[in-house]
Amino acid sequence: MTSFQPTAGSFRQGARTLPREAYTSSDVLAEERERIFAASWNCVGRASRLTQPGDYFLAEVAGEPIIVLRDSHGTLRAWFNVCRHRGTRICREPAGRFGETLQCSYHAWTYATDGRLVGAPHMQDVEGFDKADFPLHAAAVAEWEGFLFVHVAERAPAFANVWAPMIGRFARYGLPSLVIGHRVEYQVEANWKLVFQNYSECLHCPTIHPKLATVLPYQSGANDLTEGSYLGGYMEIRPPNESATMSGRPVGRRVSDALPAEDGRRAYYYSLMPNLLLSLHPDYVNYYLLTPLDVGRTRVESEWLFHPQTLADPSANLRDAIEFWDVTNRQDWDIVAQSQIGIHSRRYQPGPYSARESIPAAWDREYLRQMGRRGTES
Ligand code: FES
Ligand SMILES: [Fe+2]
């Protein structure tokens with residue numbers, strides 16, 4: 001197993017970026033899968049995808065094929081998409097609705113949506129066979145602010161404990177009632193950590209995002225979560241802009257009537273380990289789910305959420321918000337791909353972070369902690 005030693009200590013002084021192997025070694029990626037993704041609550045998308053009994057979608061969590069569904073009784077479930085007969089992936093359609101059961105297409109073993117094996121052709125002839133011994137393998141599932149999370153460990157820690165710092169934190173935004181107005185999937189030619197690190201600083205905004213920089217001055221705002229698995233803060237929306245949109249105008253009504261006046265002038269950006277980036281604006285919310293596809297390639301699924309009244313309003317210009325971030329995202333994906341190329345160089349060495357990169361430095365510290373590497377903090 002490749003081992004890399006951290007050179008990044010505390011940002012406080014002398015923080016440096018991660019070693020090359022962290023971005024280029026498939027052994028490190030395999031270790032991340034075990035130590036981080038398989039040991040965390042991973043976001044898999046919005047609960048609004050599962051409104052009716054039987055609704056499901058497929059997800060990949062820590063490399064595991066998972067069926068996330070609402071069972072016949074309305075309970076949220078996450079099942080390993082692995083038949084108890086000979087291991088075949090049971091379901092291949094990415095989303096849909098089951099009836100009372102789901103059936104493996106190989107030899108027709110059939111499961112109730114609550115995981116019980118209810119049909120197993122010709123197994124009655126097998127001595128000692130008991131269907132009760134072969135339910136679907138369960139993953140843990142939790143819901144937070146309208147987002148669904150899955151944990152693949154046999155004994156998952158309680159979501160409410162792990163995510164305690166985030167429970168209730170954004171209640172004023174009314175996130176559970178927001179609806180999806182746009183979805184896009186990107187493939188980024190860079191290691192997943194570069195996407196996190198890039199999201200976590202705006203030092204690059206004047207050079208990479210000339211449009212964004214006029215709306216969200218990179219020196220504005222403050223970070224309010226600065227250590228641990230949940231990091232981020234806010235930036236000030238520069239007047240006369242009222243939102244982070246191409247025109248500067250809001251796309252519709254506020255996401256919630258409970259937003260205090262100061263949040264009407266702010267945009268919040270949080271990176272939430274292990275795979276969620278969450279951006280809160282006065283009139284819309286967008287988020288990103290990261291899945292490492294390879295050591296140098298990352299799938300990013302992104303959705304824009306709006307108040308239901310905004311979506312129902314034909315005069316609302318959703319494109320104003322969608323384009324603002326789609327343009328910005330593509331600029332980001334382009335530059336992190338350049339980072340990935342440069343980091344491969346034999347001359348790459350960890351480089352120094354500035355004070356404007358305190359969040360990426362803190363993210364690296366948490367990453368190293370989760371990977372079982374101790375930093376050289378003072
Ligand atoms: S592998 Fe699923 S029924 Fe045989
Ligand atoms: Fe950016």
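The values are calculated or read from the model by the stated rules, or taken from the named source; none is laboratory data. These numbers were taken from a predicted model, which means no experiment stands behind them. Quick reminder, even Gly has a Cβ in these numbers, built from the backbone with ideal geometry, and neighbours come from all protein chains shown.
Looking at the structure I just gave you, is Leu225 more than 27 Å from Leu311 (Cα to Cα) and in contact with a Lys or Arg (Cβ under 7 Å, 6 or more places away or on another chain)? It is false that Leu225 is more than 27 Å from Leu311 (Cα to Cα) and in contact with a Lys or Arg (Cβ under 7 Å, 6 or more places away or on another chain). Taken as a whole, the range 251-265 holds at least one residue that is touching a strand residue (DSSP E or B) at 6+ places or on another chain (Cβ under 7 Å), at pLDDT 95 or above, closer than 24 Å to Leu178 by Cα and among the basic types (Lys, Arg).
Give Thr245, Thr214, Thr207 a once-over and let me know the one that is within 16 Å of ligand 2 (Cβ to nearest atom), farther than 21 Å from Leu290 by Cβ and modelled with pLDDT of 95 or more.
Values: Thr245 fails: within 16 Å of ligand 2 (Cβ to nearest atom); Thr214 fails: modelled with pLDDT of 95 or more.
That would be Thr207, the only listed residue that is within 16 Å of ligand 2 (Cβ to nearest atom), farther than 21 Å from Leu290 by Cβ and modelled with pLDDT of 95 or more.
Listed by first and then second residue, the pairs linking a residue in the range 308-329 that is under 30 Å from Glu189 (Cβ atoms) to a residue that is β-branched (Val, Ile, Thr) and surrounded by fewer than 18 Cβ atoms within 10 Å (Cβ to Cβ), with Cβ atoms under 9 Å apart and 6 or more places separating them unless they lie on different chains, are Ile322/Val184; Asp326/Val184; Thr328/Ile208; Asn329/Val184.
This table checks each residue for (1) on the phi > 0 side of the Ramachandran plot; (2) within 30 Å of the chain's Cα centre (by Cα).
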site: Thr75; (1), (2): no, yes
site: His85; (1), (2): no, no
site: Leu102; (1), (2): no, yes
site: Ser105; (1), (2): no, no
site: Trp109; (1), (2): no, no
site: Gly115; (1), (2): yes, yes
site: Pro121; (1), (2): no, no
site: Gln124; (1), (2): no, no
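Number of residues in the range 158-194 that are among the β-branched types (Val, Ile, Thr), within 28 Å of Pro19 (Cβ to Cβ) and in contact with a helix residue (DSSP H, G or I) (Cβ under 6 Å, 6 or more places away or on another chain): the value is 1. Scanning the range 65-94 for residues that are surrounded by 15 or more Cβ atoms within 10 Å (Cβ to Cβ) and of a type in the set (Gly, Ala, Ser) yields a count of 2. Can Tyr111 be described as within 13 Å of ligand 1 (Cβ to nearest atom), among the aromatic types (Phe, Trp, Tyr) and either closer than 22 Å to Leu50 by Cα or in contact with a Phe, Trp or Tyr (Cβ under 6 Å, 6 or more places away or on another chain) (or both)? So Tyr111 passes the test.
Being modelled with pLDDT of 95 or more, under 29 Å from Gln219 (Cβ atoms) and not in a strand (DSSP E or B) is a description that applies to Gln331. Could you list, in sequence order, all residues of the range 253-270 that are part of a loop (DSSP other than H, G, I, E, B) and of a type outside the set (A, V, I, L, M, F, W, C)? If the condition is that a residue be part of a loop (DSSP other than H, G, I, E, B) and of a type outside the set (A, V, I, L, M, F, W, C), then Arg253, Arg254, Ser256, Asp257, Pro260 are the ones that fit. For the range 170-252, the strands (runs of 3 or more DSSP E) that sit wholly inside it and include 2 or more residues that are free of Cβ contacts under 8 Å to residues at least 40 places away in the same chain, surrounded by 20 or more Cβ atoms within 10 Å (Cβ to Cβ) and not polar (S, T, N, Q) are 230-236. Restricted to the range 86-154, the set of strands (runs of 3 or more DSSP E) holding at least 2 residues that are without any contact (Cβ under 8 Å) to a residue 24 or more places away in the chain comprises 101-103, 117-119.
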